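The values are calculated or read from the model by the stated rules, or taken from the named source; none is laboratory data. Fair warning: this is a prediction, and the values are worked out from it, not measured in the lab. Cβ sites come from the backbone with ideal geometry, for glycine too, and all protein chains shown count toward neighbours.
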Amino acid sequence: MENSTETTPLKTSVKQVHRPGELPGQKASPIEQNKKPILEIKGLTKNFNNFTAVNNVDLTIYEGEIFALLGSSGCGKSTLLRMLAGFEKPSDGHIILDGNDIVDLPPYKRTLNMMFQSYALFPYMTVGQNIAFGLKQEKMPRNEISKRVEKMLKLVHMEDYVDRRPYQLSGGQRQRVALARSLAKEPRLLLLDEPMGALDKKLREQMRLELVDIINSVGVTCLMVTHDQEEAMTMADRIAIMDRGEFVQIGGPREIYENPNCRFSAEFIGQVNMFDCILTKSDVKHSLIACNDFPRPIELLHDIDIADGMPISIAMRPEKVYISHDEPEEETNWCAGTVENIAYLGDISIYYVRLPSGKIITSTLPNVDRFNVGFPTWDDKVYLSWDPESCIALTF
Amino acid sequence: MSVFSANIVKKSSPKGHKPPPRFVPQEKNSFKERIIIFIPYLWMVLFFLIPFLIIFKISFSVTEIAIPPYSPLVTFEEGAMQIILHLENYTNIFLDPDGTYMRSYLKSIEVASISTLLCLIIGYPVAMALASCKSTTRNILFILIIMPSWTSFVVRIYAWMTILKKDGIINDILMSLGIIDEPIHMLQTDFAVYIGIVYCYLPYMVLPLFSSLMKVDYSLIEAAQDLGCRPIKTFFKALVPQTKSGIIAGSMLVFIPAIGEYVIPELLGGKDSILIGRILWQEFFNNRDWPLASAVAITMLSIMAIPIILFFKYQRKQGEL
Amino acid sequence: MLFNKFSKIALARFFTLALVLVFLYMPIMTLIVYSFNESKMVTVWTGFSLKWYEALLHNDAIINAVGISLLIGFMTAITAVIIGTIAAFVIVRIKKFTGETAFLLFITAPMILPEVITGLALLLLFVTLSDVIPVFSDRGIITIWIAHVTFCSAYATVVIRSRFVELDVSIEEAAMDLGAGPMKVFFVIILPAIMPAEVAAFLLSFTLSMDDLVIASFVAGPDSTTMPMLIFSSVRRGLSPEINALASVIVLVVSFFAFIFWLTTVRKQRRKERNRQLVAMAKSNENKII
């Protein structure tokens, strides 16, 4: 049973090459950490008149983790979030928070809180009153409220702003107040709707890590929705890629990047070279794949559970494609082409190499390494090679 | 299972594995919502819809010396229910040999149309002038233009009476300047009615025009001028189309009520300014013929039904409703 | 060349506005001027006098009518604003319900229907219901009030709705998310935000009610003569200088309120400017920190 992916039934006879959690640099999955689930979504569906926004999804979120729903606009992630918050009524399914099904509860009775994309601060109240609002609804005694408000302001470093009004604050300050307000009631689950969406670029990069620090220091479980893959990869412990109302892949950032489970995931995160190939032969430790775009076969060190002669896709990340002026010695896993374009980005260069078949392969090279490979430049004839482990075989 | 196996595992087929989503009908409003809807709804049904049904019903009856002064529609005779529909009111209206009613309908439409046009011709430049002012002056001017409509309507018509009389101000000034020898007969004419209607309804035309002029994208005007369009052409091709919704809204707000105007033709108009609103009033108050008045009202409504529905549909399309 | 064009436009603008303002205010000014006329002949000036204002103060019929109009005006304004607020809320925030189109039609039709028709309709309603509901048989202040509310709430709905539509739903959702029930959300979040529109709707309904002649004529009773009805009947009989005085008083009162309204808008604008500067300062400070 797959540990980190939940929606994929698995039927192969592939022997394990890496153990889960052994992928260097990846945090152990929540189940391994013995965390208990805070939120369980079962069969959640939302139909509008003529289309399905969320299609029968299941998801479990564990205590203390930061979970990201990643997808482009229209994929259903915002609808899903709103159903969790209570602003949309699901057409079907269950939302179980701490063991209780909250599907029929109105938003003001749920023990989760949401930070809105536009922050939605109450314009006619001060910062302090904004934060205290939720506590007043709970009928908390007044001195406790002011203590909690103080604590929250300290958390987001806004102690001096308690009497300001929202229109007197800048975008970043409003975000902090919105965060403080949504944490004030110490909810079981914190929902973030495009948390960085309203900030400008510089502020965004700084706030990402700060936000994660604040959330981790409080220890609250967090579900965020975003379309920005960098944001998801930086901030989240686990990510679910969503497309057209369904989860495509669920896993940690590293796993999603290194082991996408389909073309969509591979192409969604980062850059990727995608090849349409045909499986020539597959043994227990060994597979040979013929690609239309270059003569030599691709060789993998594991077997593939489809019949010989069937089509297969091979994905390769550009940073794992090595570019060189020297012809490799191996029989497999390389091809030759001409450098058509180079994008110089300061720290890396992206080489666009055109193969004789017409296909363009991207290869990224840190600029400090250019010396080692002989400074390839425009119109050079170069060789592209890769390790067998760098290839990701996908059947769709 | 190995992590690698994730590479080649089939993504769980969305349509194959999972059961098809259940069809859920339109969400029902909650009970609380229904109460909230109910309150204004009830008021409107009670005090708006039902009255019109009553008018409709009474238009099929005849006057009687009774309280209320019309014959009942439904009677019981020998245990059987009879419904008597008198069509005399409608035959009176449509087949009257003098054609009084038909003529007055046509007259009302004519007066209303011309007044609407006049309001548009006068109102558009005013709205343009207002929209192009600085924001501080604009506020003051806006209030100044709207303020007269806050003072009593009847009083303002009365003011025009004093101005337009034979020995009123205009005639006095013109005669003392020697421009005319005899006072001009202005009161009790159609001319006075037009002045009255334009005077009272002008703000209703200016307001929608103004608000749609404020929303105009002036870069389109500049583009037209940049491409060589002369001013008049720019005006009609680049500016006016963008204010279409304001023009229509303003015109409807003037035209439809103007058809049924009573006070202005009564005070400022003459014997031949018989607009249909006056006829309704006279039938009701002077002749005490409620059924005929009702029939006049229903006929009036049918004339106006189409503009009203068009206005309503247009407002919905524009998102004003 | 540019200067020429500029001043041509400015000149045209000036003349248009000047002409319109003269056109609009000439009748009103005439009334006011002649209210100080000594002579009973309204258009023949004999001297300055305040005697018509005095006569106004002693004219019981007029005072009574003004009182009735004011009372009905206030009652109408309050009721129309309440109904208008509910109706606007329904239109903007509540998703489709059966009969929605009819509802919208009912709400907006009173605005454009001729008053004679609405007046006739309501009177016939009261007459028909007078057997069932005794109040309606004695037509008077109550019936005028109901009639006025019916057509004023149409205007109130439109005014309030236009402000409602500009509200940011996410603020209401945030309040609900933080534990506030729908009632709380309405009174604490929505109402303060639409208050300007509520005030505008109140003033509008009040004015419309005070001004209404036709509908009131249909549904009034023997003891409930409103101010417009009184003016109308005396004007029909002939010109009356006391009416001039009354008209001037009305204009004065309206101008006073218009002035106050203008003052508040000016003050609001100044405050907005100040806030904008504060935000700009805050933003530049933040950039410095980064």
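Annotations for the structure displayed:
- Qualifying residue in segment B:238-254 (condition: farther than 27 Å from C:Val92 by Cβ, of a type in the set (A, V, I, L, M) and free of Cβ contacts under 8 Å to residues at least 12 places away in the same chain): yes
- Across segment B:192-202, not a single residue is classified as surrounded by fewer than 17 Cβ atoms within 10 Å (Cβ to Cβ), among the hydrophobic types (A, V, I, L, M, F, W, C) and away from chain C (no Cβ under 12 Å).
- Out of A:Val248, A:Val212, A:Val284, sole residue that is touching a residue at least 12 places away in the same chain (Cβ under 8 Å), more than 30 Å from A:Ser349 (Cβ to Cβ) and in a loop (DSSP other than H, G, I, E, B): A:Val284
- Test: residue in segment B:235-249 that is within 12 Å of chain C (Cβ to nearest Cβ) and surrounded by 21 or more Cβ atoms within 10 Å (Cβ to Cβ): yes
- Flag if C:Phe14 is under 24 Å from C:Leu208 (Cα atoms) and of a type outside the set (S, T, N, Q): no
- So B:Val9, is it within 30 Å of A:Ile256 (Cβ to Cβ), modelled with pLDDT under 50, of a type outside the set (Asp, Glu) and touching a His at 6+ places or on another chain (Cβ under 9 Å): no
- So B:Lys134, is it more than 27 Å from B:Ser273 (Cα to Cα), more than 10 Å from every other protein chain (Cβ to nearest Cβ) and not aliphatic (A, V, I, L, M): yes
- Picking from residues in segment B:85-130 that are at pLDDT below 90 and among the aromatic types (Phe, Trp, Tyr), the one that is farthest from B:Gly269 (Cα to Cα) is B:Tyr90.
- Pairs with Cβ under 6 Å, 6+ apart, first in segment C:159-170 and away from chain A (no Cβ under 11 Å), second among the polar types (S, T, N, Q) and surrounded by 17 or more Cβ atoms within 10 Å (Cβ to Cβ): C:Ile160/C:Thr85
- Looking across segment A:181-201, not a single residue is within 17 Å of A:Leu84 (Cβ to Cβ) and without any contact (Cβ under 8 Å) to a residue 40 or more places away in the chain.
The rows are residues; the columns are (1) buried (at least 16 other Cβ atoms within 10 Å of the Cβ); (2) under 26 Å from the mean Cα position of the chain (by Cα); (3) facing chain B (nearest Cβ under 8 Å).
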position: C:Leu208; (1), (2), (3): yes, yes, no
position: C:Asp211; (1), (2), (3): yes, yes, yes
position: C:Ser224; (1), (2), (3): yes, yes, no
position: C:Val235; (1), (2), (3): yes, yes, yes
position: C:Pro241; (1), (2), (3): yes, no, no
position: C:Phe259; (1), (2), (3): no, yes, no
position: C:Val266; (1), (2), (3): no, yes, yes
position: C:Arg274; (1), (2), (3): no, no, no
position: C:Ala282; (1), (2), (3): yes, no, no
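- Strands (runs of 3 or more DSSP E) wholly inside segment A:58-157 containing at least 2 residues that are touching a Pro at 6+ places or on another chain (Cβ under 9 Å): A:92-97, A:112-115
- Within segment B:161-217, being among the polar types (S, T, N, Q), at pLDDT below 85 and over 25 Å from B:Gly270 (Cα atoms) holds for one residue alone: B:Ser176.
One line per residue, one yes/no per condition, for (1) assigned to a strand (DSSP E or B); (2) more than 14 Å from every other protein chain (Cβ to nearest Cβ):
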{"residue": "A:Ile256", "(1), (2)": "no, no"}
{"residue": "A:Asn261", "(1), (2)": "no, no"}
{"residue": "A:Glu267", "(1), (2)": "no, no"}
{"residue": "A:Gly270", "(1), (2)": "no, yes"}
{"residue": "A:Thr280", "(1), (2)": "yes, yes"}
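- Filtered residue count, segment A:94-131, keeping only those that are more than 33 Å from the chain's Cα centre (by Cα) and more than 8 Å from every other protein chain (Cβ to nearest Cβ): 4
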